[in-house]
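Each remark here refers to the structure printed beneath this line.
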Amino acid sequence: MKRLTTVRLETPPGESLLNITDQVQAAVVESGLAEGICVVFVPHTTAGLVINSGSDPATAADIRSELKRLVPTRVDFHHTYDTPADAAGHVKTTLTGSSLSLIVSGGQLALGRSQRLMLAEFDGPRERQVLVRVMADP
Amino acid sequence: MNSPMNPMVDQVRSLPGFIRELHPALDDTVRKTLDHKLCLSVKRLYVTGCGDSHHAALGSELAFETLAGRPTEPMSALQFARYAVGYLPATGPDTNLVIGVSVSGEVARTTEALRLARQAGAGTVALTGAAQSRLAETAELVIAWGAPPLPEPTGVHTPRVRSYLASQLALLLIAVRIGEVRGHLDWAAATAQRRDILALADRAEQTIAACDRAARTLAEEWRDASEFVFAGGGPNYATALFSAAKVLEGSGDSAVGQDMEEWAHLQFFARAPATPTFLITAGGQDLSRTIEVATAARAIGRRVVAVAPASVSALREIASRTLPLADGVPEIFSPLVAAIPGALFAAYRAEVLGEPFFRAPGGGREPGQSRVRTSETWDQWRVPVDRLDRR
């Protein structure tokens, strides 16, 4: 069983929510796991993970704009080594989190009908990695 | 490889390693010094200094306007302090950012420029090799690169090449920093620009390899010449001024730095036909004009040296000689590399003539005579007496 897969992707400029469900599902299928847990982890500090509806693109836009409202790009962040957008991205990443545990059943991610797994990019464009690790039920 | 007889050549040969050493430390300093509020407040920049520092400012104008996305005016310190600072646009705190460049940090006119800029409400940054200096004390913010000069034989004062490069490098990294914080460059673009700037070390290495022997040969062949002209356009107008400065400092020959277009309006009429004329181009916006000037210069008997990338064959075919620059250097960054051939030529010219750098003391040229550091300075801006205001 292939236990660890790295998904690589290039993100567009600025903020975005990128649907990575298919890539993660493909990693699960490739692993041969039938029943167990899939841990998805993003090893970055200005990009996180969310699960939400992929049916209507406006939902992703709402999530982006609400996160922006909660953490506006401003000039008085303590972290000024990079840009204000970068500093805001660090805070937004703590809100979304960097990892998710998903149930695998019948060789498939047990997601709801409209649920999609999304990489939340807060300071693109960047080259990002998503680590997918599978663990079989004992 | 050291050249014990010529510490100026040693400086040039050390440049690739110097870029690699300085780049990460300077980038770190620039990021920590220029905070978000300042970068986002800036509407326009003024970069001021004297001598090589003024040339570095001139050479950075295109980079600031391209990378930082802000209009930028390079000015000599006298022009800024005595004729411009009283007329800065009153657009609010930190909207005017003035960068004063001085390697020693002790130059009177540049210190005066920053003092008056602060009084005018501008943000002020001292870019210097000396963190403890008058300039640093005068400015609100200090970006100090502080690398020691190469060792020199006792009693020898060598024309500076490394410090010019340090000033240029810092100005480029400042431009990237401001552009990135302002969102003019995204993270990927800013990262690529910083990588390209670091890669200038490789381009400098290639340029030195291509020019070192050729510059020495040229200095020997054209030993008879007594005056030199260097012309360049855009950022390499600064290179022309810097190259001429190194000849003046190195061998003491009369040397002029000229804008490429202005050469056609002025030096074209100079009497002496065979004056060595170095035409400097990165093969950018000024290339077509440089080729026209080369053709005209050859037609009137000038000895023309093409200081240009090897790939610019049209210019090489016209020129008498070539001091090739490495290919692949963006025009905005080219002054860092284009300064190398002129500096090498100046160093070898002094060596071939047996002329001490900066002339031996005497004949009224005693240290301090020019009063670069002790010049009378203004404590506040003085409004010029304008004939139109007279009642």
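The values are calculated or read from the model by the stated rules, or taken from the named source; none is laboratory data. All figures in this text were calculated on a predicted structure; none of them were measured in a lab. Cβ: placed from backbone, ideal geometry, glycine included. Neighbour counts: every protein chain shown. Areas reflect the complete protein model, heavy atoms only, side chains present, ligands, DNA and RNA absent. Shrake-Rupley method; radii C 1.70, N 1.55, O 1.52, S 1.80 Å.
Quick notes on this structure:
- Tabulated pairs, the range A:26-55, first more than 28 Å from A:ALA88 (Cβ to Cβ), second among the polar types (S, T, N, Q) and open to solvent by less than 30 Å² (accessible area, probe 1.4 Å), C-beta under 8 angstrom, 6+ apart or interchain: A:ALA27/A:THR5; A:GLU30/A:THR5; A:SER31/A:THR5
- Top-ranked residue of the range A:53-73 - restricted to ones that are of a type in the set (S, T, N, Q) and in a helix (DSSP H, G or I), ranked as nearest to B:ASP28 (Cα to Cα): A:SER65
- Here the range B:285-329 is the region considered, the condition is being among the polar types (S, T, N, Q) and open to solvent by 10 Å² or more (accessible area, probe 1.4 Å), and the residue that is farthest from B:LEU62 (Cα to Cα) is B:SER320.
- Residues in the range A:98-138 that are within 14 Å of chain B (Cβ to nearest Cβ) and touching a helix residue (DSSP H, G or I) at 6+ places or on another chain (Cβ under 7 Å) were compared, and the one that is farthest from A:ALA58 (Cα to Cα) is A:ARG126.
- Residues located in the range A:1-37, provided they are among the acidic types (Asp, Glu) and either in contact with a Lys or Arg (Cβ under 7 Å, 6 or more places away or on another chain) or within 14 Å of another protein chain (Cβ to nearest Cβ) (or both): A:GLU10, A:GLU15, A:GLU30
- Filter result for B:VAL156 (over 25 Å from B:THR377 (Cα atoms), surrounded by fewer than 21 Cβ atoms within 10 Å (Cβ to Cβ), of a type in the set (A, V, I, L, M, F, W, C) and touching a residue at least 40 places away in the same chain (Cβ under 8 Å)): yes
- Odd one out for A:ASP62 among (1) away from chain B (no Cβ under 14 Å); (2) of a type outside the set (Val, Ile, Thr); (3) in contact with a Lys or Arg (Cβ under 7 Å, 6 or more places away or on another chain): (3)
- Screening B:ALA188, B:ALA192, B:ALA166 for residues that are within 14 Å of another protein chain (Cβ to nearest Cβ), closer than 27 Å to B:PRO324 by Cβ and either among the small types (Gly, Ala, Ser) or not in a helix (DSSP H, G or I) (or both) leaves exactly one candidate, B:ALA192.
- Just one residue in the set B:VAL142, B:VAL125 is open to solvent by 30 Å² or more (accessible area, probe 1.4 Å), among the β-branched types (Val, Ile, Thr) and in contact with a strand residue (DSSP E or B) (Cβ under 7 Å, 6 or more places away or on another chain); that residue is B:VAL142.
- A Cβ distance below 9 Å, combined with a sequence gap of six or more or placement on separate chains, defines the contacts here; from the range B:314-334, residues that are at positive phi reach residues that are assigned to a loop (DSSP other than H, G, I, E, B) in the pairs B:GLY328/B:ALA199; B:GLY328/B:SER311.
- Applying the criterion of at least 2 residues that are small (Gly, Ala, Ser) to the strands (runs of 3 or more DSSP E) found wholly in the range A:74-138 leaves A:99-105, A:115-124.
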